[in-house]
1. Any residue in the range 47-66 that is buried (at least 18 other Cβ atoms within 10 Å of the Cβ) and of a type in the set (Val, Ile, Thr)?
2. State which residue pairs qualify: first residue of a type outside the set (A, V, I, L, M) and inside the range 46-71, second residue modelled with pLDDT of 95 or more and outside any loop (DSSP other than H, G, I, E, B) in any location, beta carbons under 6 Å apart, and separation of 6 or more residues or different chains.
3. Let me confirm something: among 138, 181, which residue is within 30 Å of residue 303 (Cα to Cα), within 23 Å of the chain's Cα centre (by Cα) and either among the hydrophobic types (A, V, I, L, M, F, W, C) or away from ligand 1 (no atom under 12 Å from the Cβ) (or both)?
4. Specify which of the listed residues (100, 136, 124, 112) is away from ligand 2 (no atom under 16 Å from the Cβ), touching a helix residue (DSSP H, G or I) at 6+ places or on another chain (Cβ under 6 Å) and open to solvent by less than 20 Å² (accessible area, probe 1.4 Å).
5. Return the only residue of 454, 418, 461 being more than 21 Å from residue 212 (Cα to Cα) and either part of a loop (DSSP other than H, G, I, E, B) or in contact (Cβ under 8 Å) with a residue 60 or more places away in the chain (or both).
6. So in the range 196-221, with the set limited to residues that are of a type in the set (Gly, Ala, Ser) and within 19 Å of the chain's Cα centre (by Cα), which one is surrounded by the fewest Cβ atoms within 10 Å (Cβ to Cβ)?
7. Here's a check for you: in the range 186-227, which residue that is within 16 Å of ligand 1 (Cβ to nearest atom) and of a type in the set (Gly, Ala, Ser) is farthest from residue 375 (Cα to Cα)?
8. Can you tell me how many residues within the range 265-292 are surrounded by 14 or more Cβ atoms within 10 Å (Cβ to Cβ) and either among the β-branched types (Val, Ile, Thr) or free of Cβ contacts under 8 Å to residues at least 12 places away in the same chain (or both)?
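The values are calculated or read from the model by the stated rules, or taken from the named source; none is laboratory data. Since the model is a prediction, treat every value here as computed from it, not as a measurement. Counting neighbours? That spans all protein chains shown, and the Cβs are built from the backbone with ideal geometry, glycine included. These area figures cover heavy atoms from the full protein model, side chains too; ligands, DNA and RNA do not enter into them. Shrake-Rupley method; radii C 1.70, N 1.55, O 1.52, S 1.80 Å.
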Amino acid sequence: MAENFDVIVIGAGPGGYVCAIRAAQLGFKVACVEKRATLGGTCLNVGCIPSKALLQSSETFHEAAHGLADHGIDVSGVKLDLARMQARKTKVVGENTKGIEFLFKKNKVTWIKGEAAFTGPDAIEVAGKAYSAKHIVIATGSGSVPLKGVEVDEKRIVTSTGALELEKVPEHLVVIGGGVIGLELGSVWRRLGAEVTVVEFLDRITPGLDNEVSKAFQQSLTKQGFTFKLGHKVTSAKPEGKGVTLTVEPAKGGDAETLKADVVLLAIGRYAYTEGLKLDAAGVAVDERGRVKIDAHYATNVPGIYAIGDVVAGPMLAHKAEEEGVALAELLAGQAGHVNYGAIPSVVYTWPEVAAVGQTEEELKAADIAYVVGKFPFMANGRARAMGATEGFVKILSEKGTDKLLGAHIIGPDAGTLIAELTMALEFGASAEDVARVCHAHPTLSEVVKEAALAANGRALHI
Ligand code: FAD
Ligand code: NAI
């Protein structure tokens, strides 16, 4: 006899574990299946959390080695203890994954340990045991996209997972892909002393970001010592001696060249992960990119089976997966769960940070929407000067005529925190003037947001 639950969630990443907790809060009998030894999925184990721990540590190291003298603080002889830095990261990850275990116990969510495979439209098998449920949620996340001719060994040719575990700072790190992973993890190793070369297929980095921000971002990283090979693709990477030899070709054709690296980071995107799940046994349909097909209420083509997070279409972000987890649990309980996909912020946790919400200038142009730009630089902000962090700007896009906020883009100190205010404004349908008329504490970085909103109406005060 199969053990029965109201809701079984497959995968305990930010989508799955949040969905399980919310469903339990709403009174369902819930189980969550996870094959990893710890809960939290990609994000807590090998994604958001370990990368942010290393970004924080490497930033602190870099600041101590290069930034403190300016403040009149002499700390000569700064040394790196990479083993300790890595141990700290492991501790941070452990605290977070254990935290989810605690939350499961608190909310009476059963953790079924092992890999789930469908045996029918309302049934799965895990480690030889059968389970059934009225509602089954697929939240199996994503994996790293492979590249022909570049075989990952997670030592010399690594994905983000291996790049978070290096035991030695590489002399030369070649990153394939100028996206979020490449630039965040490239920043970690650059700050710790590696030479970093990014090979990007397109003629720009971070596709999807507002062009102007993306350009400023590339300039800033170049100043920090990054080398960019835009419009190029890697056709092979072969381990040779202690390093790796790469063949790189112009994306539009031309002569190939050779690059030598100690470590190669492959970061050309992530794909929806459904391996081992036996979707066929339940008859669940996927799209042309292997993503589970869903309707506006997360329902697949099979009644009773739903999907959320990285395994479905949309931005591959932890907070998007979480919002979907909550919305789905509430829909299953007959409530009005909803996600506003037009107001999902995204943040790149580099220095400076980059954050965005809503539409870019390019998207507005393509949609033929008339807009106004309000921009203000951190250079003209007292707090940013006091911090010695004056790089970047806030850019607000509002609709011409109505002043309705359409998008916001920030490159600068603490951009990831500053975007929250503008996300809230976008969610509430605010105008740039609404943001501008809110009293912002002085001296704070948030005054740059206010001034950019004022600038959208041509009345910035401090420039
Ligand atoms: P996942 O977190 O991938 O979880 C899916 C889980 O399902 C996994 O634990 C897997 O083991 C399990 N699973 C799969 N198949 C089965 C099966 N058959 N049976 C049982 N269990 C199964 N996003 C951000 O928003 N901010 C960031 O700063 C950020 N940083 C990142 C850094 C890196 C290096 C990476 C790789 C990603 C980062 N992301 C970040 C993206 C974020 O990690 C994902 O968007 C998020 O984890 C997606 O959540 P999810 O629940 O859909 O899937
Ligand atoms: P990405 O989609 O951000 O960037 C991949 C880059 O690789 C693109 O610029 C693309 O043009 C380039 N590319 C593709 N094929 C190539 C090739 N053959 N040669 C050279 N370049 C090539 O993907 P990335 O960086 O792997 O990250 C995956 C996902 O993880 C992101 O989409 C993001 O959603 C998530 N993530 C989010 C973070 C955050 O929120 N701070 C941090 C890290 C990851």
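1. Taking every residue of the range 47-66 in turn, at least one turns out to be buried (at least 18 other Cβ atoms within 10 Å of the Cβ) and of a type in the set (Val, Ile, Thr).
2. Cβ pairs passing all conditions: 48/318; 50/89; 50/93; 51/184; 57/85; 58/188; 58/191; 62/191.
3. Residue meeting the stated conditions: 138.
4. Unique residue meeting the criteria: 100.
5. 461
6. 208
7. So, considering only residues that are within 16 Å of ligand 1 (Cβ to nearest atom) and of a type in the set (Gly, Ala, Ser), the one farthest from residue 375 (Cα to Cα) is 186.
8. Total meeting the criteria: 5.
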